[in-house]
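The values are calculated or read from the model by the stated rules, or taken from the named source; none is laboratory data. Predicted model, so just to flag it, every value in this text is computed and none were measured. With ideal geometry, Cβ positions are generated from the backbone for all residues, glycine too; neighbour counts draw on all protein chains shown.
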Amino acid sequence: MAAWREARPDVPAPWQSQWPDREADGRAGDADSPRLGAPTGACSGDPIGPARRAPGRGFRWTTHSSQLYESRLLRVGSPLFHYGILFVLVGHLMGLFVPESWTDAVGFDEHLYHLFSLFGGTFAGVLTILGIALLIYRRRTTG
C-alpha cells in the first residue's frame, strides 16, 4: 500500500473514494466500502428464476405460444414496442454522437434541437410503453 502512495501521491488509491468532498457532507458512503449493491443483486438474482420454476414445471423452456401472431394484441403490441425501442435507441445515439457543429450547419438552433428531442423522445417513449403494456397484458390474459 505504501508503494502506491509513493508512486502517485496525487491520485487516490483504487480502494479510496474519488470524491472526498462528498464524504465530508454525508453524500457518499464509507470510502473503503465498495459500491457493489446493484451488480451483486442483479447477478445473484439471475439463478433464482429458473430454480423457482423448476419444481413446478420441470426444466423446459417455453413461451407458451404455438403461433407467432396468435392474437390482435400481439399484432399491435409487438411492432409498437419494437419500433418504439428502436426510436429510443436511435434518438439517444443521435444525441450522443451528432456534434453541435452539424446541427448548426443544418440550421437547427438550440431551442429547435431541444423541441425535436422533447417531442421525438416523448413519442418514442409512448410507443415503447404502450407496446410493452399491451404485450404484458396479452401475456397475463392468454397464458
Quiz item: Which of the residues belonging to segment 67-94 are surrounded by 12 or more Cβ atoms within 10 Å (Cβ to Cβ), at pLDDT below 85 and either of a type in the set (S, T, N, Q) or within 26 Å of residue 115 (Cβ to Cβ) (or both)?
Solution: 71
Exercise. Would you confirm whether any residue within segment 129-143 is among the β-branched types (Val, Ile, Thr), within 10 Å of residue 84 (Cα to Cα) and under 24 Å from the mean Cα position of the chain (by Cα)?
Key: yes
